[in-house]
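Contents: one structure, followed by commentary.
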Amino acid sequence: MKVIEHIKRAKKTLFSFEILPPLKGTSIQSIYDSLDPLMDFNPPFIDVTYHREEYIYKKRNNGLLERRSVRKRPGTVGICAAIMNKYNIDTVPHIICGGFNQEETENALIDLSFLGIDNVLVLRGDPIKNEIYFKSEEGGHSYASELLQQVVAMNKGIYLDEDLKNSSPTNFCIGVAGYPEKHFESPNILSDIHFLKKKVELGADYIVTQMFFDNNEYFDFVNLCRENDINIPIIPGLK
């Protein structure tokens, strides 16, 4: 079931949870151990984050440094499938720009669709550690709005290969991020609202906020969104 359908059908406040994939080499049992006691809250869905690769520098025999890519938290797609199978609840995988080109993104979305996952949260993602600015992969997306457009296109049956005929559309409910205390790269909150509204116009179905530290910031953010005709659900992100 889609996130927005869970919200529409809710008779009381819903509590969902967001989990991080375990470090490489750790069993899925660590996820189950975390989720088992939370099932008493009847979460309608579980978010599963994705963390892009990191780079380390290894010293070679000749004294030069070799840059190597390391994935420390793989498994988002597999974890979503495992959670759905074990707990019979919906999952929301995070899809990010960093670390993927458009073809890799398309393939990941196809896998999710095959698994019956019909929710995604699209994010730009953070810069690589030790890098100041975000840099996209060659052939990848630089902004969450671009990634959003790719998902929306697939929902219409439009794939990267323009020669595909009678292609089946995906059916993703698409979430995007909101920042009650302003994205750190944004000059001001009104600029944030401008780009958030653009995401809504492009096809976002709901918003999940970044963690905030003052409840009034969240309420002010919701009011500002409504004043700017952003009327989709806004889920508060709490820690």
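The values are calculated or read from the model by the stated rules, or taken from the named source; none is laboratory data. Please read these numbers as outputs of a predicted model, since none were measured by experiment. Quick reminder, even Gly has a Cβ in these numbers, built from the backbone with ideal geometry, and neighbours come from all protein chains shown. The accessibility values were calculated without ligands, DNA or RNA, using every heavy atom of the protein model including side chains. Shrake-Rupley method; radii C 1.70, N 1.55, O 1.52, S 1.80 Å.
Those residues that are at pLDDT below 95 and small (Gly, Ala, Ser), I need them from the range 6-26; list them, please.
Scanning the range 6-26 gives a single hit, GLY25.
Any chance you could count how many residues in the range 192-239 are farther than 19 Å from VAL120 by Cα, open to solvent by less than 30 Å² (accessible area, probe 1.4 Å) and either acidic (Asp, Glu) or part of a strand (DSSP E or B) (or both)?
The number of residues fulfilling the criteria is 1.
What is the number of the single condition among (1) in contact with a helix residue (DSSP H, G or I) (Cβ under 8 Å, 6 or more places away or on another chain); (2) in a helix (DSSP H, G or I) that SER186 does not meet?
(2)
Do we find a residue being buried (at least 16 other Cβ atoms within 10 Å of the Cβ), among the hydrophobic types (A, V, I, L, M, F, W, C) and touching a residue at least 60 places away in the same chain (Cβ under 8 Å) anywhere in the range 135-146? Spell out the reasoning first.
In the first step, residues of the range 135-146 are kept if they are buried (at least 16 other Cβ atoms within 10 Å of the Cβ); the result is 136-137, 140-141, 144-146.
Pick out the ones that are also among the hydrophobic types (A, V, I, L, M, F, W, C) and you get 144.
Then drop every residue that is not touching a residue at least 60 places away in the same chain (Cβ under 8 Å), which leaves none.
No, the range 135-146 contains no residue that is buried (at least 16 other Cβ atoms within 10 Å of the Cβ), among the hydrophobic types (A, V, I, L, M, F, W, C) and touching a residue at least 60 places away in the same chain (Cβ under 8 Å).
Name the residue, out of ARG9, ARG52, ARG73, that is touching a strand residue (DSSP E or B) at 6+ places or on another chain (Cβ under 9 Å) and of a type outside the set (Gly, Ala, Ser). Walk me through it before giving the result.
Details: ARG9 fails: touching a strand residue (DSSP E or B) at 6+ places or on another chain (Cβ under 9 Å); ARG73 fails: touching a strand residue (DSSP E or B) at 6+ places or on another chain (Cβ under 9 Å).
The unique qualifying residue is ARG52.
Among (1) surrounded by fewer than 18 Cβ atoms within 10 Å (Cβ to Cβ); (2) touching a Cys at 6+ places or on another chain (Cβ under 9 Å), there is one condition ILE117 misses while meeting the rest; what is its number?
The single condition ILE117 does not satisfy is (1).
Can you report the number of residues in the range 200-222 which are charged (D, E, K, R) and closer than 23 Å to VAL92 by Cα?
Kept after step one, since they are charged (D, E, K, R), are these residues of the range 200-222: 201, 205, 214, 217, 220.
If we keep only those that are closer than 23 Å to VAL92 by Cα as well, we get 201, 205.
Residues in the range 200-222 being charged (D, E, K, R) and closer than 23 Å to VAL92 by Cα: 2 in total.
Among the candidates CYS97, CYS80, which residue alone is buried (at least 21 other Cβ atoms within 10 Å of the Cβ), touching a Lys or Arg at 6+ places or on another chain (Cβ under 7 Å) and not small (Gly, Ala, Ser)? Write out each step before concluding.
On the way: CYS80 fails: touching a Lys or Arg at 6+ places or on another chain (Cβ under 7 Å).
When all the criteria are applied, what remains is CYS97.
I'd like the residue in the range 34-59 that is open to solvent by 90 Å² or more (accessible area, probe 1.4 Å) and not basic (Lys, Arg) and, out of all such residues, is nearest to GLY125 (Cα to Cα). Steps first, please.
The initial filter retains those residues of the range 34-59 that are open to solvent by 90 Å² or more (accessible area, probe 1.4 Å), namely 40-42, 57-59.
When the remaining residues are screened for being not basic (Lys, Arg), the result is 40-42, 57.
Numbers: ASP40: 31, PHE41: 29, ASN42: 29, TYR57: 22 Å.
Filtering first and then ranking leaves TYR57.
Of these, LYS24, LYS8, LYS12, which one is more than 19 Å from the chain's Cα centre (by Cα), open to solvent by 80 Å² or more (accessible area, probe 1.4 Å) and within 23 Å of GLY125 (Cα to Cα)? Full working, then the answer.
On the way: LYS8 fails: within 23 Å of GLY125 (Cα to Cα); LYS12 fails: within 23 Å of GLY125 (Cα to Cα).
Answer to the selection: LYS24.
Check THR76, THR91, THR105 and return the single one that is touching a Cys at 6+ places or on another chain (Cβ under 6 Å) and either at pLDDT 95 or above or within 27 Å of SER16 (Cα to Cα) (or both). Explain how you work it out, then say what you get.
On the way: THR76 fails: touching a Cys at 6+ places or on another chain (Cβ under 6 Å); THR105 fails: touching a Cys at 6+ places or on another chain (Cβ under 6 Å).
Just one listed residue meets the conditions, THR91.
Can you report the number of residues in the range 155-188 which are under 19 Å from the mean Cα position of the chain (by Cα) and open to solvent by 80 Å² or more (accessible area, probe 1.4 Å)?
Final tally of qualifying residues: 3.
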